[in-house]
Structures are given as C-alpha cells and as structure tokens.
Amino acid sequence: MHNVKKIGIVGAGQMGGGIAQVGAVSGFEIRLQDTSAGVLDTCRGSHKKRLGRLVEKGTLSQDDADAALDRLTYTERLDDLADCDIVIEAVIEDAALKKELFQKFAAMFTHGQILATNTSSISITQIATAAGDAADRVIGMHFFNPVPVMKLVEVIKGLATSQDTTSRTLALAEAMGKTPVPANDRAGFVSNRVLMPMINEAFYAWMEGVAEPAHIDQIMTLGMAHPMGPLRLADFIGLDTCVHIMDVLADGLNREHYRACPLLKQLVTAGRLGDKAGRGVFDHPG
C-alpha cells in the first residue's frame, strides 16, 4: 500500500502541471509549488482548460472535473508542502538544482515520506547524496509527456533506495492510473538510453545527406510503426533537452559516441529549439 493522500509537487511547468492534473483526477489532494506566480497562474488556467475539454469529450463528468480542481492548491511557498505524504520534484534537468532541493526535502520531510524526482536521465544515486540519511527514501518517478495521456511511469531505484520506498512508489503510480515499470539507476535509465541515441542518429542521417528530415521521419513511422518520427519527436521534446540528455549519457556511461550530433547542437545554438520556440527541425507556426 502507498498510504498517500496528499501529494506535493515542486515545479508547475509542463511535467509538474501534468502530474498534478493526473493526481487530482485520481482523487489525491495536490499541493503544487513553483517560485514563479506567473507559471502557477498559467498552470491553473491550463488545468481548467484541459479538464473542461475532458468534460466536453464526455470522458470526465462536470462534477468530477470540479472535484479535481478543488483538490488542487497552488503556492509559491515550499513550506506549504510540509504535510504531504510524498513530494515529487519536477523542475528543470539541472543536477545542482535538484540536489539543492533534495537537501531541503530531507530536512522538511522527516516522517518516512517518499522523496521522488521526475528526472528523465540524471542519476538517482547522485541526487540522493544530497538527502543524507534520507537517501533510502529517494526514488525516480519518471512520467512521460503529455502526462495525462501517457500510461508509463519509469520507477528507478538508486543504490540506497529501500524496497519499501520502491513498493510504495509502484503502488502509488498504479493508484494514479499509470503503469509503473521498474528500472535500475544508470544514465538515461531505459527509456532515454534507447530513445535518445536513435534520435541522435536521425540527426546524423540528415547531416550526412542520407535523406531529408520529413523522409527520415516517414521511413520510421511507416516502416517501424512509430507514432511520430524521431526528428519530429526531437522538436516536441526540445532540441536543447535532447543535447542535455545526450551529454548525461556520454558523461554517465563514459562513452563519447553518445555526444550530440553537431547539427543538433548547431540548431540549438541558433535558437531553433523545437515546438516551444516555433522552429526546430520543422517550423511550428503559432
């Protein structure tokens, strides 16, 4: 049993907001914290809009949508999460920032609460070093984007993570309507260790003139039954994020062949970051 009733989430961006929505719809009380009032306001509006769409589609009743919104609390104060049963960190992929947060979590949450990170590639063991004696309660809870749609949660144990923490986290993910799959702590875990080199190789294929981007994607969608081509997926993820994850793989696994393709890095230098910038490999107007 997870024994979780109240979930604290740090970071109200795309991932944190998605986790908060799923948790609220699943019946959990949610405390969503971000240092930016503007980000919190945007997230609040997004929740209302997304839940409204679910009501329009008939997949959620108006009463259930209203109840989910009532379970959501937005705050700029980290201390407002102190009485939560679990905290899920969903800030940017910055190891130093995450370690700073987990040092604070260890001091705040002293009654056996789960300390989870939504990192997609940074070592759980590395993050847990900041938690000191609470390292056994640190675990990776890697949700996938868009969180309300994607069923998978990759659950990653660090070297110090206890079996109790792992079991409770797996049970919690199931209670949130997700399918949790365990993995061990290596750079990129399973998902990004397999996915990101494929995306990187697609950039090499483009750079070396093997085929045009649309044709590379078409071959992968039609020939490999992928729902989205690797270059289009890179735009969706964010090209800067792709470069960062490739660097994490190269450093974490001590293998230089994981370094990002020069063309991928060039696009990032030019500010062509993908969907969020309006242009990446492809143009994304409006």
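For region 85-100, how many residues meet the condition of being free of Cβ contacts under 8 Å to residues at least 12 places away in the same chain and more than 23 Å from Phe144 (Cβ to Cβ)?
The total comes to 1.
Just give me the residues in region 145-159 being modelled with pLDDT of 95 or more, closer than 22 Å to Gly252 by Cβ and surrounded by fewer than 19 Cβ atoms within 10 Å (Cβ to Cβ), in sequence order.
Passing the criteria: Leu152, Leu159.
For every residue, the table says whether it meets (1) surrounded by 17 or more Cβ atoms within 10 Å (Cβ to Cβ); (2) modelled with pLDDT of 95 or more; (3) touching a helix residue (DSSP H, G or I) at 6+ places or on another chain (Cβ under 9 Å).
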{"position": "Leu115", "(1), (2), (3)": "yes, yes, yes"}
{"position": "Asn118", "(1), (2), (3)": "yes, yes, yes"}
{"position": "Ile122", "(1), (2), (3)": "yes, no, yes"}
{"position": "Arg137", "(1), (2), (3)": "yes, yes, yes"}
{"position": "Met141", "(1), (2), (3)": "yes, yes, yes"}
{"position": "Ser167", "(1), (2), (3)": "no, yes, no"}
{"position": "Ala173", "(1), (2), (3)": "yes, yes, no"}
{"position": "Arg186", "(1), (2), (3)": "no, no, yes"}
{"position": "Met198", "(1), (2), (3)": "no, yes, yes"}
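Where in region 115-226 are there helices (runs of 4 or more DSSP H), lying wholly inside it, with at least 2 residues that are in contact with a Pro (Cβ under 8 Å, 6 or more places away or on another chain), hydroxyl-bearing (Ser, Thr, Tyr) and in the same structural domain as Glu100 (by TED's automatic domain parsing)?
Of the helices (runs of 4 or more DSSP H) lying wholly inside region 115-226, those with at least 2 residues that are in contact with a Pro (Cβ under 8 Å, 6 or more places away or on another chain), hydroxyl-bearing (Ser, Thr, Tyr) and in the same structural domain as Glu100 (by TED's automatic domain parsing) span 163-175.
Tell me which residues, restricted to region 42-84, are of a type in the set (Asp, Glu), out of contact with any Ser or Thr (no Cβ under 8 Å at 6 or more places or on another chain) and in contact (Cβ under 8 Å) with a residue 12 or more places away in the chain.
Matches in region 42-84: Asp64, Asp79, Asp83.
Would you be able to say whether some residue in region 94-103 is surrounded by 14 or more Cβ atoms within 10 Å (Cβ to Cβ) and touching a Lys or Arg at 6+ places or on another chain (Cβ under 8 Å)?
Looking through region 94-103, none of the residues is surrounded by 14 or more Cβ atoms within 10 Å (Cβ to Cβ) and touching a Lys or Arg at 6+ places or on another chain (Cβ under 8 Å).
Based on what the data block shows, is Asn254 more than 23 Å from the chain's Cα centre (by Cα) and either under 25 Å from Ala20 (Cα atoms) or surrounded by fewer than 16 Cβ atoms within 10 Å (Cβ to Cβ) (or both)?
yes
Go over the candidates Ala187, Ala175, Ala270, Ala225 one by one and state the one that is at negative phi and without any contact (Cβ under 8 Å) to a residue 60 or more places away in the chain.
Ala270
Which of the residues spanning region 240-258 are free of Cβ contacts under 8 Å to residues at least 24 places away in the same chain and either at positive phi or part of a helix (DSSP H, G or I) (or both)?
Within region 240-258, Asp247, Ala250, Asn254, Glu256, His257 meet the criteria.
Looking only at residues that are among the aliphatic types (A, V, I, L, M) and part of a helix (DSSP H, G or I) in region 227-239, which one is farthest from the chain's Cα centre (by Cα)? Explain how you work it out, then say what you get.
Our first condition is that a residue be among the aliphatic types (A, V, I, L, M); within region 227-239, this holds for 228, 231, 233-234, 237, 239.
Then drop every residue that is not part of a helix (DSSP H, G or I), which leaves 231, 233-234, 237, 239.
Values: Leu231: 20, Leu233: 15, Ala234: 15, Ile237: 10, Leu239: 15 Å.
Among them, the one singled out is Leu231.
The values are calculated or read from the model by the stated rules, or taken from the named source; none is laboratory data. Please read all numbers here as calculations on a predicted model, not as lab measurements. Reconstructed Cβ throughout: ideal geometry from the backbone, glycine too, with neighbour counts over all protein chains shown.
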